[in-house]
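What follows is a single structure, written as C-alpha cells, with notes after it.
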Amino acid sequence: MGRILGDALTERPACRRVLHRAGLIVPVPLHQTRYLERGYNQSTMLGRGLGQVIGAEVESEALLRERATRSPR
C-alpha cells in the first residue's frame, strides 16, 4: 500500500519536486499501546513505500512516542 501511495504522490509534478529532495523519511511512531492494538504502524508502512519510490532512507526508530494521545476524530 505504501508503494502505491508513493507512486501516486510522485505522479504530481509539484509533489515530485519536493519529495525527490527528501533524503530521509521519519515516520511518526505509535504509542506502544496503540501499536499492540493494531499490530502495525501505518505511517511506517507508508514511509517505507514512499522511500522505495523516491530513493530515500526511512528511519523508523528516530522518534519515540512517550505518551498516548487521543486520535483526532
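Side notes on the structure shown:
- Calculated P(r) of the stretch 2-58 - Cα pairs past 14 Å, %: 54
- Subtracting the Cα-Cα distance of residue 45 and residue 67 from 0.36 nm times their residue separation leaves 5.8 nm of extension gain.
- Rounded to the nearest 10 degrees, the angle from helix 2-11 to the longest Cα principal axis of the chain is 40 degrees.
- With each label modelled as a point 7 angstrom along the Cα→C-beta vector, the residue 15-residue 35 pair spans 2.7 nm.
- Most mobile listed residue (14, 62, 22) in the chain, GNM with C-alpha springs under 10 Å: 14
- On Cα atoms only, tilt of 42-54 relative to the major axis of the chain in degrees: 20
Values in this text are rule-based calculations from the coordinates and carry no lab data. A quick note: this is a predicted structure, and the numbers were derived from the prediction, not measured. Methodologically, a virtual Cβ is constructed for each residue, glycine included, from the backbone with ideal geometry; neighbour enumeration extends over all protein chains shown.
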